[in-house]
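Presented below is the structure to which this report refers.
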Amino acid sequence: MQMSNFYTAFAAAILSFSGGALATGPRAPRAPASVADEIPAVIEGKRGGPVTDLGSLKGIGIETLGTCLENYSPDVVTPSGTRIKMLGAAFVYMGPANGTSVLGHSGERFVYCRNDELFDAVYEYEKPEEGMIGPSFEKQYGIRLADYSDAEKKNLANALYLEVSLDPAEYYAFEQTQIMRTIYETWFELDGAKMYEMLAANAKRYAEQTRKIKAHEPLDGYSLFKNNCATPVSQDMAIINPEFLHHHGPLPIMPAEIYRGVNKDPAKVRQIIVYPSQRLFRQLRLKQQGKSRLFEGFVPLSKSLRGTFRGSWVLLYDDGSTEWRKMLLRPIYGAVNLGAGVAETLLGVITTPLTFFEKITGIEKHRRKKLAARAAARKAELEAEGLDASAISLTPRTISDKLGPARVVKGLRDMFSSLGEVFTLELRHPRVTAWSEEEKTFFRDLEQNSALLEYMKAEWEKAPLIIQGEGKDDLTEADVREIDAEPADER
């Protein structure tokens with residue numbers, strides 16, 4: 001659910017209050033066992049609970065699964081004669097993150113055979129991100145934006161737009177490693193006909209979207225409360241359970257609410273897979289190493305949160321992973337953080353005269369120039385040694401960036417976010433920090449493995465793994481559009 005306005009997100013959060021790629025580069029030499037083997041690529045949950053998949057952090061998918069090359073009985077044969085075999089259907093919940101979706105995001109994932117080709121696609125609905133309506137958009141639909149009026153382009157930019165991702169593993173890896181998102185998949189216990197009905201519902205929307213764009217017809221607008229990422233997805237959940245939409249009151253359905261709803265009936269759930277964010281991954285490593293996680297909620301001493309709030313005076317953080325933590329801990333944490341925000345703001349007010357003095361006298365300009373020269377020299381030194389120097393900024397922060405008016409603005413924002421926490425609302429989220437060399441080595445050393453791959457192999461044991469290593473497909477969104485909307489007689 002895309003949130004471009006922070007204050008609008010705050011209002012939406014109030015309404016939902018009661019609602020039930022890391023670039024791997026060339027393969028490095030195998031790391032020592034103490035690094036490579038300390039966490040397996042797939043971590044089984046307790047008593048059949050959610051499975052954690054670390055393979056996605058490397059962009060490992062199921063493209064090497066040979067299911068569709070085997071003889072199989074199709075679930076559907078379309079009017080054009082295309083054989084469709086549904087292998088899996090899942091609800092996808094992406095946790096909240098800064099700058100993308102404060103309330104989380106939802107979508108659907110389908111794995112299926114189309115004749116002898118394996119498709120793995122995520123369908124999601126969102127307001128187009130800045131820059132999305134451009135050259136790639138023109139190529140995708142075979143149009144020229146120059147032929148569209150300003151009003152038509154404005155409609156496209158503000159529409160509820162259906163995006164299809166045909167490389168979910170790479171997509172997930174980017175969200176996990178660069179956006180700090182944890183992703184949850186609920187794979188359903190359904191027959192092929194039901195899964196195809198869900199896929200066809202999305203394919204129909206995609207086909208209609210394509211038709212409208214080419215015909216210069218307006219798309220339905222994105223609306224935070226009435227037509228958001230959860231709207232079409234919740235309609236598809238009613239295909240599985242016709243009563244799904246009837247369980248909810250007049251408030252809009254939010255992504256997290258759908259996730260809780262679809263997991264209420266264990267009989268309809270075959271497997272839950274969790275793809276961890278950077279923070280969750282680091283917590284898993286601490287647990288695997290037997291290290292204490294007692295202070296992981298105390299930001300100054302936390303190994304998984306240090307540096308993730310970019311200079312804010314956040315002392316305590318809890319992601320509200322359970323209802324009791326959300327209702328009991330978060331208000332207490334928010335009150336403490338609110339006090340820190342007040343102190344932060346007062347410091348900014350007190351130091352404002354100092355920062356003005358430094359700007360007027362040129363001291364600040366001289367200091368910035370000196371720090372930039374020092375950073376440039378260090379960057380050149382590292383590059384000369386063949387080391388990664390991308391983390392070194394050539395525009396280092398000075399006192400004027402940390403105190404005075406800059407600190408007042410930061411403090412007021414922190415106070416606002418802390419006030420939200422007092423009312424159990426999570427309005428700020430940790431940001432990604434630099435990955436350590438040890439962590440990069442761990443990702444590079446992961447074998448061809450993923451929780452979903454193992455799940456597919458277990459469900460369809462005759463499916464061979466035909467390629468070892470990192471397979472890759474060249475499927476395009478044009479392939480997805482060839483799915484016929486209506487099935488013919490089953491064979």
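For this structure, a couple of remarks:
- Of L190, L162, all but one fail to be closer than 30 Å to R260 by Cβ, open to solvent by less than 60 Å² (accessible area, probe 1.4 Å) and touching an Asp or Glu at 6+ places or on another chain (Cβ under 8 Å); the exception is L162.
- All told, L103 meets the bar of being in a loop (DSSP other than H, G, I, E, B) and not polar (S, T, N, Q).
- The range 193-220, subset open to solvent by 50 Å² or more (accessible area, probe 1.4 Å) and under 18 Å from S106 (Cβ atoms), residue farthest from the chain's Cα centre (by Cα): D220
- Residue list for the range 275-320, filter: among the polar types (S, T, N, Q) and either within 28 Å of G411 (Cβ to Cβ) or in contact with a Leu (Cβ under 8 Å, 6 or more places away or on another chain) (or both): S277, Q278, S292, S302, S304, T308, S312
- Residue count, the range 300-335 (criterion: part of a helix (DSSP H, G or I) and open to solvent by less than 20 Å² (accessible area, probe 1.4 Å)): 2
- All helices (runs of 4 or more DSSP H) inside the range 345-460 with 3 or more residues being within 28 Å of I43 (Cβ to Cβ): 437-445, 451-459
- Tally of residues being farther than 24 Å from M198 by Cα and open to solvent by less than 20 Å² (accessible area, probe 1.4 Å) across the range 120-140: 2
- Of the residues making up the range 420-439, none is surrounded by fewer than 18 Cβ atoms within 10 Å (Cβ to Cβ), of a type in the set (F, W, Y) and modelled with pLDDT of 90 or more.
- Taking each residue of the range 192-211 that is closer than 18 Å to K139 by Cα and among the charged types (D, E, K, R) and looking for partners that are modelled with pLDDT of 95 or more and open to solvent by 60 Å² or more (accessible area, probe 1.4 Å) with beta-carbon atoms closer than 6 Å, six or more apart or interchain, yields nothing.
- Selection of first residues in the range 358-387 that are within 26 Å of L403 (Cβ to Cβ) and open to solvent by less than 70 Å² (accessible area, probe 1.4 Å) and of second residues that are among the polar types (S, T, N, Q) and assigned to a helix (DSSP H, G or I), restricted to Cβ pairs under 8 Å at least 6 apart or on distinct chains, gives the following pairs, ordered by first then second residue: E358/S400; E364/T355; E364/S400.
- Pairs are defined by a Cβ separation below 8 Å, a sequence spacing of at least 6 or placement on different chains, a first member in the range 113-133 that is at positive phi, and a second member that is open to solvent by less than 40 Å² (accessible area, probe 1.4 Å); the pairs so defined are N115/C68; N115/T82.
- Of all residues in the range 132-142, none are of a type in the set (D, E, K, R), farther than 24 Å from N227 by Cβ and assigned to a loop (DSSP other than H, G, I, E, B).
- Matching entry among Y317, Y275 (being closer than 30 Å to G192 by Cα and hydroxyl-bearing (S, T, Y)): Y275
- Output for the range 253-271, where each listed residue is in contact with an Asp or Glu (Cβ under 7 Å, 6 or more places away or on another chain) and open to solvent by less than 40 Å² (accessible area, probe 1.4 Å): V269
- Selection within the range 141-156 - of a type outside the set (F, W, Y) and surrounded by 14 or more Cβ atoms within 10 Å (Cβ to Cβ): I143, L145, E152, N155, L156
- Inspection of the range 259-272 identifies no residue that is within 22 Å of Q178 (Cα to Cα) and modelled with pLDDT of 85 or more.
The values are calculated or read from the model by the stated rules, or taken from the named source; none is laboratory data. Worth saying up front: this structure is predicted, and the values here are computed from it rather than measured. As a convention, Cβ positions derive from the backbone with ideal geometry for all residues, glycine included, and neighbour counts pool all protein chains shown. When the accessible area is computed, the model is the full protein with side chains, heavy atoms only, and any ligands, DNA or RNA have been set aside. Shrake-Rupley method; radii C 1.70, N 1.55, O 1.52, S 1.80 Å.
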